[in-house]
Structures are given as structure tokens and as C-alpha cells.
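Engineer: I'd like to ask you about the structure that follows.
The values are calculated or read from the model by the stated rules, or taken from the named source; none is laboratory data. None of these values were measured; they are calculated from a predicted model. Cβ atoms come from the backbone with ideal geometry, glycine included; neighbour counts cover every protein chain shown. Accessible surface is based on the protein model in full, side chains and every heavy atom, while ligands, DNA and RNA are left aside. Shrake-Rupley method; radii C 1.70, N 1.55, O 1.52, S 1.80 Å.
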Amino acid sequence: MPGLIGKKIGMTSLFDENGKNLPCTVIEAGPCVVSQVKTTETDGYNAIQIAYGDRSEKNVAQQQIGHFKKAGVPVKHRIIEVDGFDNEVKLGDEVSVDIFIEGEFVDVTGTSKGKGFQGVVKRHGFGGVGQSTHGQHNRLRAPGSIGAGSDPSRVFKGMKMAGRMGGARTMIENLRVIKVDKENNLLVVKGSVPGAKNSYVIITK
Amino acid sequence: MDLVKLVQDQYIEKKDMPDFNAGDTITVYYKIKEGNKERIQFFRGIVLQRRGSGATETFTIRKMSGNIGVERIFPVNLPSIDKIEVNKKGKVRRARIFYQRERTGKAARIKERRM
């Protein structure tokens with residue numbers, strides 16, 4: 001799937017042609033440079049590797065500097081592999097936001113905001129007790145039973161419990177592209193996108 | 001450079017509208033679509049608040065329909081707004097006059113501000 005790396009800028013709202021007010025996220029998408037071209041002869045499959053995000057060379061490992069030098073492109077922050085470009089792009093080319101068209105649907109992947117240690121009501125959507133009287137002393141947001149007793153005499157793996165929430169790779173699917181601004185490399189999609197402002201996101205078709 | 005602002009400036013059409021604040025009585029004329037026909041309807045009431053800033057600012061107006069209060073929130077730059085008329089300038093001490101919701105009859109009057 002063709003895709004790009006970008007940066008989440010923030011949210012706003014725009015009006016569509018029917019006058020409806022749509023919640024939108026502004027993403028600075030690309031331009032990404034092609035840092036490697038994989039072909040069936042050399043790698044067994046067709047794909048391109050794209051890189052995005054400026055980075056000082058002193059913060060990059062020698063191995064990576066070598067990789068970028070070989071491709072003849074400046075050192076970048078994030079690298080992903082995408083396909084579907086059909087040998088149209090060459091090493092060192094720039095892939096920009098014009099691969100997307102207004103009205104189509106894209107998936108956006110990012111790292112969600114960390115929420116810390118959270119209980120089951122927020123983390124897994126449990127209902128809570130729903131009653132504050134009839135013997136509910138301090139059990140309002142408790143998880144309830146986590147299994148039977150002497151048989152199986154253990155708690156099953158993957159039981160939904162309280163714990164660390166957020167900060168995980170998350171994909172939001174089928175966000176409609178509302179505007180594409182080639183001049184400023186901006187992409188406006190309907191709805192929200194995982195992560196904080198200025199965090200890296202991956203946009204794929 | 002603020003890129004969100006750039007997007008707003010580029011894609012949201014700014015409306016010319018009169019200056020009004022909480023406590024003012026205004027009439028909002030807006031277009032509604034019925035099938036293929038478009039006609040203009042109006043909503044007249046007291047401005048309770050103006051909220052937000054820039055291109056996404058909104059305002060809330062409240063009117064009494066019979067003895068039932070009706071509130072509507074309009075974005076300032078909503079494309080279907082035809083025009084806004086300021087009927088009366090009100091004299092109030094706050095920017096958000098939610099206390100108006102509890103008041104009816106004589107208590108709900110707002111003093112007029114004379115220019």
C-alpha cells in the first residue's frame with residue numbers, strides 16, 4: 001500500500017459543501033525521501049523505503065548514517081517500507097502528499113497518548129457497579145469476579161484487568177481525506193488521529 | 001508558523017458580521033434546504049455567550065418559544081448564515097449569562113445599553 005510518514009499538527013473544524021461542520025485533523029505529510037528501493041531480483045519482493053523527519057547527524061548511529069550515505073539522502077528520523085509505487089520512483093526521489101486525493105479513505109497509524117495506570121472502567125470499558133447503595137462500600141469501579149475458584153484455581157491469561165494504558169501503536173482506519181495542500185505538504189482528514197501534537201504518524205491508503 | 005491557522009484561513013470563509021456580545025438581542029437569518037428549495041428562516045433571541053476564537057468561534061442564542069426555552073449554537077462562520085441583525089444592545093456584567101436560563105417573566109428582562 002502506498003503511504004507516507006507525517007507529523008500530527010492539531011485539530012480544527014471545517015465546513016463541507018453541504019455546510020456541515022466536520023472535526024478535522026491537520027497532518028504535515030511528507031515530503032519523504034526514498035532511501036532504498038527493493039526489487040524482486042535483489043530482495044525477493046518489490047517495495048520502497050521512505051524516510052522523514054530532520055535529524056542531526058550526531059544523534060544517529062554510524063550504521064544508519066552509512067545506510068543514508070549509500071542512498072545519497074540526508075539523515076532522517078523515521079523509516080518505513082511501503083509498496084504499490086510500481087517502479088515509478090527512484091532512489092533519492094521525493095514522495096509527497098499528492099499521492100492522496102480528496103475524498104478517498106486512509107488509515108493513520110501513530111502512538112497513542114500514554115494514560116498511565118488505569119482501572120478497568122477506563123481501560124476496558126467495564127460498566128462499573130452502577131449502584132451506589134445496597135452494600136456498595138468502595139466497589140463502584142471494581143472489576144468484579146475474575147474467574148471460578150478451586151477449578152481452575154488460577155486466573156486465565158489475558159484476563160482484562162487494571163494496568164498501563166495508552167502509549168501503544170494504534171491505527172485508526174477509514175478516515176476521509178478532506179483537503180490536500182501540496183504547496184504546504186498538508187493533509188486534512190476527518191476525525192481524530194492517535195498521538196500528541198508533533199508526534200509522527202504513518203498514513204496509508 | 002501555525003499550520004492549523006493556515007488551514008483555517010485557507011478553507012474557512014470569513015463572514016462579515018456586526019459586533020455583538022452576551023446580553024444583546026440578535027436575529028440570525030439562515031438558509032435551510034427543503035428538498036431542492038432553499039428558504040430563509042430566522043432565529044431571534046438573547047446571546048448567552050461567545051465561545052472559542054478565530055475561525056471556529058461560536059455563539060449561543062436563547063429564545064422563549066411560548067414558555068419553553070430554546071437554545072441554538074451557531075458557528076460564527078457557518079456558510080448557511082445569511083445575515084445577522086443586532087436588535088438591542090443589552091447591559092450585562094458578565095461575558096456568559098447562563099443565569100438567564102433560570103429567569104422568567106419580569107426577572108428575565110435585560111437593561112438596554114444606550115450608546
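Engineer: Before we move on, is A:Thr109 of a type in the set (S, T, N, Q), more than 14 Å from chain B (Cβ to nearest Cβ) and surrounded by fewer than 18 Cβ atoms within 10 Å (Cβ to Cβ)?
Structural biologist: no
Engineer: Considering only residues that are in contact with a strand residue (DSSP E or B) (Cβ under 6 Å, 6 or more places away or on another chain), assigned to a strand (DSSP E or B) and buried (at least 17 other Cβ atoms within 10 Å of the Cβ), look in region B:75-100 and name the one that is farthest from the other protein chains (Cβ to nearest Cβ).
Structural biologist: The selected residue is B:Ile84.
Engineer: Could you list all residues from region A:159-191 that are more than 11 Å from A:Thr109 (Cα to Cα) and assigned to a loop (DSSP other than H, G, I, E, B)?
Structural biologist: Within region A:159-191, A:Met159, A:Lys160, A:Met161, A:Ala162, A:Gly166, A:Gly167, A:Lys182, A:Glu183, A:Asn184, A:Asn185, A:Gly191 qualify.
Engineer: For region A:148-191, what are the residues that are within 14 Å of another protein chain (Cβ to nearest Cβ), out of contact with any helix residue (DSSP H, G or I) (no Cβ under 8 Å at 6 or more places or on another chain) and open to solvent by less than 70 Å² (accessible area, probe 1.4 Å)?
Structural biologist: Within region A:148-191, A:Val177, A:Ile178, A:Val189 meet the criteria.
Engineer: May I ask you to list the residues in region A:8-47 that are open to solvent by 70 Å² or more (accessible area, probe 1.4 Å), in contact with a helix residue (DSSP H, G or I) (Cβ under 8 Å, 6 or more places away or on another chain) and at the interface with chain B (Cβ under 10 Å from one of its Cβ atoms)?
Structural biologist: Of everything in region A:8-47, just one residue is open to solvent by 70 Å² or more (accessible area, probe 1.4 Å), in contact with a helix residue (DSSP H, G or I) (Cβ under 8 Å, 6 or more places away or on another chain) and at the interface with chain B (Cβ under 10 Å from one of its Cβ atoms), namely A:Met11.
Engineer: Report yes if some residue within region A:113-126 is under 26 Å from A:Ile203 (Cα atoms), loosely packed, with under 12 Cβ neighbours inside 10 Å and touching a residue at least 40 places away in the same chain (Cβ under 8 Å); otherwise report no.
Structural biologist: Yes, region A:113-126 contains at least one residue that is under 26 Å from A:Ile203 (Cα atoms), loosely packed, with under 12 Cβ neighbours inside 10 Å and touching a residue at least 40 places away in the same chain (Cβ under 8 Å).
Engineer: Does region B:10-34 hold any residues that are out of contact with any helix residue (DSSP H, G or I) (no Cβ under 6 Å at 6 or more places or on another chain), open to solvent by less than 90 Å² (accessible area, probe 1.4 Å) and either hydrophobic (A, V, I, L, M, F, W, C) or within 14 Å of chain A (Cβ to nearest Cβ) (or both), and which are they? Full working, then the answer.
Structural biologist: Quick first cut of region B:10-34, residues out of contact with any helix residue (DSSP H, G or I) (no Cβ under 6 Å at 6 or more places or on another chain) only: B:10-11, B:13-34.
When the remaining residues are screened for being open to solvent by less than 90 Å² (accessible area, probe 1.4 Å), the result is B:11, B:15, B:17-18, B:20-32.
Within region B:10-34, B:Tyr11, B:Lys15, B:Met17, B:Phe20, B:Ala22, B:Ile26, B:Val28, B:Tyr30, B:Lys31, B:Ile32 qualify.
Engineer: Could you give me the residue pairs with C-beta distances under 8 Å whose first residue belongs to region A:55-66 and is without any contact (Cβ under 8 Å) to a residue 12 or more places away in the chain, whose second residue is in a helix (DSSP H, G or I) wherever it lies, and which are 6+ apart or on separate chains?
Structural biologist: Listed pairs, sorted by first residue: A:Ile65/A:Glu57.
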